[in-house]
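First up is the structure itself, then whatever we jot down about it.
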Amino acid sequence: EVKKSSRNSFCLFNREMNQRVQDSLRIDAHLRQALERKEMRVLFQPIVEASTGRMMKVEALLRWQSAELGNVPPDQFIPVAEETGQIVAIGLWVLEESCRRVRELQAVREDSVPLTVSVNVSARQLQDERFASIVSDVLRITGLPANQLELELTERIIIDDDRAVLANITALHEMGISLSLDDFGTGYSSLSYLTRFPLNTVKLDRAFVRDIEFNMQSLHLATAIIAMCRSLGLALVAEGIETQPQAELLGNHGCRYLQGYHFSRPVNPADIPQIAGFQPRRLASVA
Ligand code: C2E
Ligand code: MG
Ligand code: MG
Ligand code: MG
């Protein structure tokens, strides 16, 4: 009995693994043509300053509409692209597209408050010794000032202790580009790297935001992280804000920036100017 059931579950496991490998191979094959076929798009999701409601940043989020596979979410194709190294070319395209689009948005912003674009970067990209100089080229080509670019890194990348990664991080910081730690709280939870690297921003993972309205312990945890970031001079972005009470609780406790469906889903860059907070609040005009 026992033997039989364990053999069955082994078979099931095998089939599942096999399926996953098949999926990856299919994704990889189609991903190779995705850029030249113009199947990729970058969406922008607003990041709002809690105290003013102003849109201060947008996060660039990649979308892939494959002719053969349909819409493939980034959580499925980014790991494949990282595995095969295709993320280097794809990431460069995302970076250039993001800088160009935010430069266009800045031109139609009625006041001079700079809009920053925050771009997710993979380990493979930072492991390339030329990465910082490639970023510098992209800024020059697109005309975006360095202080309007932020790069989102994960704990896994920065604690890796890779020589090229460290050199790139230092060079990017010296160029005036902001560095942001994504998905904070989901990883290794060793806090020493918060001061060891020239980080400007920490992004609190949405797992910490989810039940702060209903769970006192969660709220205490969030407010402790807010206080810690403040005393370390790090700006905090809370991710995954879906409700007004979440926005208010975090804002009132001093979280500087808020991001989530409550404000806006990721949208086409061209639609950003229509979203609240992009332009200064105008008084109702008297016609
Ligand atoms: P991330 O960088 O942590 O991005 C935040 C994710 O949360 C995005 O998922 C976003 O659409 C989603 N999100 C935003 N607000 C809410 C909310 O209120 N509720 C919920 N439930 N979700 C929310 P998305 O766009 O599917 O991207 C998933 C991940 O894929 C990203 O997580 C990032 O790690 C990766 N990714 C996306 N674009 C790129 C890229 O251009 N390069 C690299 N290397 N990774 C990328
Ligand atoms: Mg991110
Ligand atoms: Mg995140
Ligand atoms: Mg994530």
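Some notes on this structure:
- Evaluating Thr201 against the criteria (1) within 20 Å of the chain's Cα centre (by Cα); (2) among the hydroxyl-bearing types (Ser, Thr, Tyr); (3) more than 16 Å from ligand 4 (Cβ to nearest atom) leaves one unmet condition, (3).
- Count of residues meeting criterion [open to solvent by less than 30 Å² (accessible area, probe 1.4 Å) and away from ligand 3 (no atom under 16 Å from the Cβ)] in region 222-239: 1
- Every pair of residues 6+ apart whose Cβ atoms lie under 8 Å, when the first sits in region 117-130 and is more than 14 Å from Ala89 (Cβ to Cβ) and touching a residue at least 24 places away in the same chain (Cβ under 8 Å) while the second is in a loop (DSSP other than H, G, I, E, B) and of a type in the set (A, V, I, L, M): Val117/Leu144
- One residue alone among Arg140, Arg156, Arg124 is open to solvent by 60 Å² or more (accessible area, probe 1.4 Å), of a type in the set (D, E, K, R) and modelled with pLDDT under 95, and that residue is Arg156.
- Exclusive hit being under 27 Å from Met40 (Cβ atoms) and surrounded by fewer than 18 Cβ atoms within 10 Å (Cβ to Cβ), set Pro198, Pro280, Pro269, Pro273: Pro273
- Filter result for Glu129 (in contact with a strand residue (DSSP E or B) (Cβ under 6 Å, 6 or more places away or on another chain), at pLDDT 95 or above and over 20 Å from Glu239 (Cα atoms)): no
- Scanning region 91-115 for residues that are loosely packed, with under 14 Cβ neighbours inside 10 Å and under 18 Å from the mean Cα position of the chain (by Cα) gives no hits.
- Single match in Gly233, Gly143 (criterion: away from ligand 2 (no atom under 16 Å from the Cβ), within 22 Å of Gln106 (Cβ to Cβ) and of a type outside the set (Ser, Thr, Tyr)): Gly143
Here is a yes/no grid of residues against (1) open to solvent by less than 50 Å² (accessible area, probe 1.4 Å); (2) away from ligand 1 (no atom under 16 Å from the Cβ); (3) not aliphatic (A, V, I, L, M):
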site: Thr186; (1), (2), (3): no, no, yes
site: Asp205; (1), (2), (3): yes, no, yes
site: Phe208; (1), (2), (3): yes, no, yes
site: Met216; (1), (2), (3): no, yes, no
site: His220; (1), (2), (3): no, yes, yes
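- Of all residues in region 156-183, those that are under 25 Å from Leu144 (Cα atoms) have Cβ atoms under 6 Å from Cβ atoms of residues that are β-branched (Val, Ile, Thr) and part of a strand (DSSP E or B), 6 or more apart or on another chain, in Ser180/Thr201; Leu181/Val202; Asp182/Thr154.
- Looking across region 55-90 at every residue that is surrounded by fewer than 20 Cβ atoms within 10 Å (Cβ to Cβ) and within 30 Å of Gly254 (Cβ to Cβ), the one that is nearest to ligand 1 (Cβ to nearest atom) is identified as Leu61.
- Options Ile212, Ile226: the member that is within 16 Å of ligand 1 (Cβ to nearest atom), at negative phi and touching a residue at least 24 places away in the same chain (Cβ under 8 Å): Ile212
The values are calculated or read from the model by the stated rules, or taken from the named source; none is laboratory data. Please read all numbers here as calculations on a predicted model, not as lab measurements. Positions of Cβ are generated from backbone atoms using ideal geometry, with glycine treated the same way; all protein chains shown enter the neighbour counts. Areas reflect the complete protein model, heavy atoms only, side chains present, ligands, DNA and RNA absent. Shrake-Rupley method; radii C 1.70, N 1.55, O 1.52, S 1.80 Å.
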